[in-house]
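The values are calculated or read from the model by the stated rules, or taken from the named source; none is laboratory data. Keep in mind it's a predicted model, so treat the numbers as computed, not measured. No Cβ is skipped: glycine too gets one built from the backbone with ideal geometry, and neighbour counts run over all protein chains shown.
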Amino acid sequence: MHDLRALREQAGELRAAMRHRGQEQTLAPTIDRAVELDRDRRATIQAVEERKAARNALSQEVARRKKAGEPADEAQASSRALGEEIARLETELAASESELEQLLLQLPNTVLDDVPAGGEESNSVVREWGTPRAAGGVMPHWEVGEKLGLIDMARGAKIAGSGFIVFRGEGARLVRALLNLMLDLHTREHGYEETWVPVLVNRAAMTGTSQLPKFEDDMYALKEDDLFLIPTAEVPLTNLYREEILLESDLPKSFAAYSPCFRREAGSHGKDTRGLLRVHEFDKVELVRYAVPERSRDELELLTGHAERVLQLLELPYRVVLLAAGDTGFASAKTYDLEVFAPGVGKWLEVSSCSNFTDFQARRADIRYRPADGGKPRFVHTLNGSGLALPRIIAALLEHGQQADGSVLLPEALRPHTRTDRLT
């Protein structure tokens with residue numbers, strides 16, 4: 001969410017920021033209406049205060065007249081009229097503030113100054129690691145996965161519907177091994193606090209991390225309880241300190257959590273429906289960090305490096321892509337995507353997005369810290385990234401590791417967790 005004072009005093013800069021995202025035309029009316037509402041809101045607040053002061057003066061006059069034995073009917077009537085007008089103005093004020101809040105929730109974050117303009121075509125590869133395997137003769141992961149009995153898509157669909165997967169035998173063990181590898185790495189070597197979080201969260205939590213209201217159609221909801229299945233552990237992790245004030249000495253804070261993730265993928269029907277590329281439920285290890293504003297740019301580089309380390313241990317060639325402004329997520333100020341190449345499907349697959357949200361989420365969730373010098377509390381900067389998401393990692397492992405005898409060779413770092421060097 002944007003600072004209301006910045007909206008009031010720097011509306012032109014906010015419009016320019018939306019132009020940088022390629023959304024000025026669609027969001028300019030929202031900004032204009034928000035500026036208008038804020039102006040009317042402040043005028044209404046002043047009017048309420050003036051009428052309350054006038055009513056207080058009349059109350060004192062009524063008391064004086066009654067004490068002096070003088071008639072006070074006219075003053076009492078004027079006081080009642082002012083009370084009715086105050087009630088009307090306060091009703092208008094509440095409606096204006098509610099509409100203003102909803103408008104502010106519709107405005108995306110402004111991107112950082114080193115994020116290039118443009119859409120997906122302007123994304124840039126920052127660095128690459130490893131050499132992708134040649135695609136010739138490599139089966140797509142769903143074929144090798146079913147052939148080896150690792151993946152059972154038909155029974156997943158029978159149980160829950162299309163987009164839900166059953167992993168079996170060595171496939172299920174591979175899922176568990178990947179989660180253990182990632183959690184051990186991030187907690188023991190990268191210093192994250194391991195956290196086990198609920199997979200159901202309330203509306204306030206989803207609003208705090210910006211999934212609501214914009215992406216409500218993509219969420220699985222328990223409408224009677226107004227609860228949502230999480231799309232990522234980012235939601236509960238970021239909301240751990242919602243409406244709290246930390247000390248600067250508490251920062252940075254870093255959390256890692258495994259969770260199942262649930263996404264309806266509304267509007268993506270027919271896109272990447274084969275295999276593990278786009279599913280409704282998947283497993284992921286999530287990384288979340290809180291930082292002081294002055295450190296958040298460096299924290300993004302650190303977090304991205306932590307996610308990259310997993311890919312290096314898995315011996316999966318990858319590239320780091322800086323997203324252009326028009327392709328940067330709603331709440332993010334800067335995002336790196338990590339992509340691995342899947343030779344069986346001939347595509348680069350996004351397996352992690354590492355983002356700096358600056359104070360955008362913290363304003364919505366009211367997460368602040370008290371500076372060491374005793375100054376006024378400030379909003380933290382929040383960051384998160386997948387460390388990593390499993391389905392596409394499994395797809396890449398099954399495609400990169402295929403052997404002539406039909407088995408899949410596993411990377412050395414994974415073998416202590418799988419207790420085997422290959423899937424057969």
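If you take the residues of region 196-218 that are within 17 Å of Leu105 (Cα to Cα) and aliphatic (A, V, I, L, M), which of them is surrounded by the fewest Cβ atoms within 10 Å (Cβ to Cβ)?
Checking each candidate, the answer is Ala204.
Can you tell me which residues in region 136-165 are among the β-branched types (Val, Ile, Thr) and surrounded by fewer than 17 Cβ atoms within 10 Å (Cβ to Cβ)? I'd like the intermediate steps shown before the answer.
Here is the first cut: in region 136-165, the residues among the β-branched types (Val, Ile, Thr) are 138, 144, 151, 159, 165.
Answer for region 136-165, where residues must be among the β-branched types (Val, Ile, Thr) and surrounded by fewer than 17 Cβ atoms within 10 Å (Cβ to Cβ): just Ile159.
Would you please list the contacts, defined by Cβ atoms under 6 Å and residues six or more apart or on different chains, that run from a residue in region 238-263 that is over 30 Å from Val175 (Cα atoms) to a residue that is surrounded by fewer than 23 Cβ atoms within 10 Å (Cβ to Cβ)?
Pairs found: Glu243/Asp366; Ile245/Arg368; Ile245/Arg370; Ile245/Pro377; Leu247/Arg370; Glu248/Pro371; Glu248/Ala372; Leu251/Val292.
Of the residues that make up region 101-118, is at least one surrounded by 14 or more Cβ atoms within 10 Å (Cβ to Cβ), within 30 Å of Arg363 (Cβ to Cβ), among the small types (Gly, Ala, Ser) and in contact (Cβ under 8 Å) with a residue 40 or more places away in the chain?
Scanning region 101-118, I find at least one residue that is surrounded by 14 or more Cβ atoms within 10 Å (Cβ to Cβ), within 30 Å of Arg363 (Cβ to Cβ), among the small types (Gly, Ala, Ser) and in contact (Cβ under 8 Å) with a residue 40 or more places away in the chain, so the answer is yes.
Go through region 373-424 and give me each residue that's within 22 Å of Val351 (Cα to Cα), surrounded by fewer than 19 Cβ atoms within 10 Å (Cβ to Cβ) and of a type in the set (A, V, I, L, M).
Those that are within 22 Å of Val351 (Cα to Cα), surrounded by fewer than 19 Cβ atoms within 10 Å (Cβ to Cβ) and of a type in the set (A, V, I, L, M): Leu409, Ala413.
In this structure, does Ala172 turn out to be of a type in the set (A, V, I, L, M, F, W, C), touching a His at 6+ places or on another chain (Cβ under 6 Å) and either in a helix (DSSP H, G or I) or at pLDDT 95 or above (or both)? Quick ask: steps written out before the conclusion?
Numbers: of a type in the set (A, V, I, L, M, F, W, C): yes; touching a His at 6+ places or on another chain (Cβ under 6 Å): no; either in a helix (DSSP H, G or I) or at pLDDT 95 or above (or both): yes.
No.
If a residue counts only when it is modelled with pLDDT of 95 or more and of a type in the set (D, E, K, R), which strands (runs of 3 or more DSSP E) contained entirely in region 212-272 have at least 1 such residues?
Details: elements: 227-229, 244-247, 253-262.
Correct list: 244-247, 253-262.
If His2 satisfies all but one of (1) under 26 Å from the mean Cα position of the chain (by Cα); (2) farther than 27 Å from Lys214 by Cβ, what's the number of the condition it fails?
All conditions are met except number (2).
Looking at region 346-371 only, could you name the residues that are closer than 26 Å to Gly401 by Cα and surrounded by fewer than 21 Cβ atoms within 10 Å (Cβ to Cβ)?
Those that are closer than 26 Å to Gly401 by Cα and surrounded by fewer than 21 Cβ atoms within 10 Å (Cβ to Cβ): Gly346, Lys347, Trp348, Glu350.
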